[in-house]
Amino acid sequence: MRRFASALLLPILFAAACGGGASVPKDLPPASEFPASGEAPKIIIKNAGESPRALVITPTAGTTDKVVAVLDMNIKGGGGGQSVSMGFDMTLGGTQTITEVKTDGNFLQRFELTDPKVKVRGDLAAQLGDSGESMMANMLKGMAMVFEFDNHGRVLSMTNEGGNAAMMGQMQAGLDQALQGGAVPLPKDPIGKGAEWQSLATVDMMGAKMRMATSYKLLELDGDKGRLEISMSGGAEGQKMQMPGSPVEVDLKSMALTAKGTVGFDLKRPTAGTADIEMKVDMDIKAGGESGNMSMTVKATSKPQ
C-alpha cells in the first residue's frame with residue numbers, strides 16, 4: 001500500500017500543467033512585512049465593526065461532533081513528453097473531538113476519518129477500478145489529524161496519526177482548512193459584525209515555505225456563533241521542496257495560491273464549525289532535469305452531520 005500511495009504522488013511531483021505557469025500574486029505584500037516561519041501571524045485590523053467585543057474560543061474537553069468533509073481535487077499536468085489528468089472525489093465521514101483544554105486556554109482538536117469514500121477520475125480511473133478506489137479508502141480509514149489551537153483560533157501545530165501518512169500528506173493542502181472546523185484566527189482586539197482584518201503569515205504549503213495573506217470579513221455574529229468570508233493569496237519563490245510522504249526533492253521555481261470561501265464558527269463548540277473553500281495552486285518546478293509546472297484545484301466543504 002505504501003508503494004501505491006507513493007505512485008500517486010509521483011505524477012503530481014513531475015506534473016507540467018496544460019498551459020499557464022505560476023507567478024507570485026502581484027497583490028501580495030512584500031516579504032519584509034511577513035513574520036518568519038513558525039512565528040505568530042501579523043494581524044492588521046482594518047475595521048472593528050459594529051459593537052466590538054472580545055471573541056474568545058472556550059471549548060469543553062470531551063465535546064464530540066460527527067462531521068462530513070467533501071473534497072473535490074483536480075490535477076492536470078505532464079512533463080518529459082508525458083501528460084496526466086486526474087481527479088479525486090472524496091466524502092470523508094469522521095468525528096471532531098476536543099481532547100484537551102489547557103490551563104492557558106489552548107486546546108487540542110482531533111479529526112478522525114471513520115467512513116472515507118473515494119472516487120477517482122481521469123487517467124487513474126481505468127488503472128485503479130473499483131478495487132483501487134476501495135484500497136485508497138481503506139488507506140485513509142483511521143487516519144487522524146490533531147490540531148492545537150490557542151483560544152483565538154491560531155493553529156499552533158498539526159500532526160497526523162495512524163493510516164497512511166503519504167496519502168494524507170498529498171491531500172493536506174485541501175483538507176487543512178476544511179477539517180479545522182470552526183476554529184478561526186480571530187483578532188485579540190475587540191471586533192463586531194462587519195469587522196475586516198488581514199493576517200500575514202509564513203506557512204508550510206506542500207513542503208515549501210509560502211507567504212500567505214488572508215483577508216477576513218465577519219459577515220454574521222449572533223452570541224457565540226458567527227460566519228466569516230475569507231480570501232487568501234499566497235506566493236513562494238525559488239527553494240528546495242519535498243512534498244509530504246515523498247522521498248523526492250525538487251527545485252521549486254515559484255508557487256502561487258489563491259482561495260476564497262466562508263467559515264462558520266461556534267466559540268463554545270468549535271467541533272461544530274463549517275467550511276466552504278475553493279482553492280487553486282500553481283507551481284513551476286524542476287526535477288530529474290525536466291522543467292514544468294503543476295496545476296491543482298480543490299473544493300472542500302465541512303459540516304456537522
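The values are calculated or read from the model by the stated rules, or taken from the named source; none is laboratory data. Source: prediction; values computed, not measured. FYI the Cβ positions are ideal-geometry reconstructions off the backbone, even for glycines, and counts take in every protein chain you see.
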Can we say Lys217 is out of contact with any Lys or Arg (no Cβ under 9 Å at 6 or more places or on another chain) and either assigned to a strand (DSSP E or B) or at pLDDT below 90 (or both)?
-> yes
Is it true that some residue in the stretch 194-210 is modelled with pLDDT of 85 or more and acidic (Asp, Glu)?
-> yes
How about the stretch 111-147: which of its residues are acidic (Asp, Glu) and within 21 Å of the chain's Cα centre (by Cα)?
-> Glu112, Asp115
Read through the list (1) at pLDDT below 75; (2) in a loop (DSSP other than H, G, I, E, B); (3) among the charged types (D, E, K, R), then give the number of the only condition that Asp189 fails.
-> (1)
Only one of (1) in a strand (DSSP E or B); (2) modelled with pLDDT under 90 does not apply to Asp115, and that is (2)
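Rundown of residues vs (1) farther than 30 Å from Leu267 by Cβ; (2) among the acidic types (Asp, Glu); (3) out of contact with any strand residue (DSSP E or B) (no Cβ under 6 Å at 6 or more places or on another chain), yes/no style:
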position: Thr63; (1), (2), (3): no, no, no
position: Asp89; (1), (2), (3): yes, yes, no
position: Leu92; (1), (2), (3): no, no, no
position: Gly105; (1), (2), (3): no, no, yes
position: Gln109; (1), (2), (3): no, no, no
Flag if Asp266 is farther than 12 Å from Met205 by Cα, surrounded by fewer than 20 Cβ atoms within 10 Å (Cβ to Cβ) and either in contact with a Gly (Cβ under 9 Å, 6 or more places away or on another chain) or free of Cβ contacts under 8 Å to residues at least 60 places away in the same chain (or both) | no
Looking across the stretch 231-251 at residues that are buried (at least 20 other Cβ atoms within 10 Å of the Cβ) and modelled with pLDDT of 85 or more, the single one that is farthest from Met205 (Cα to Cα) is Ser233
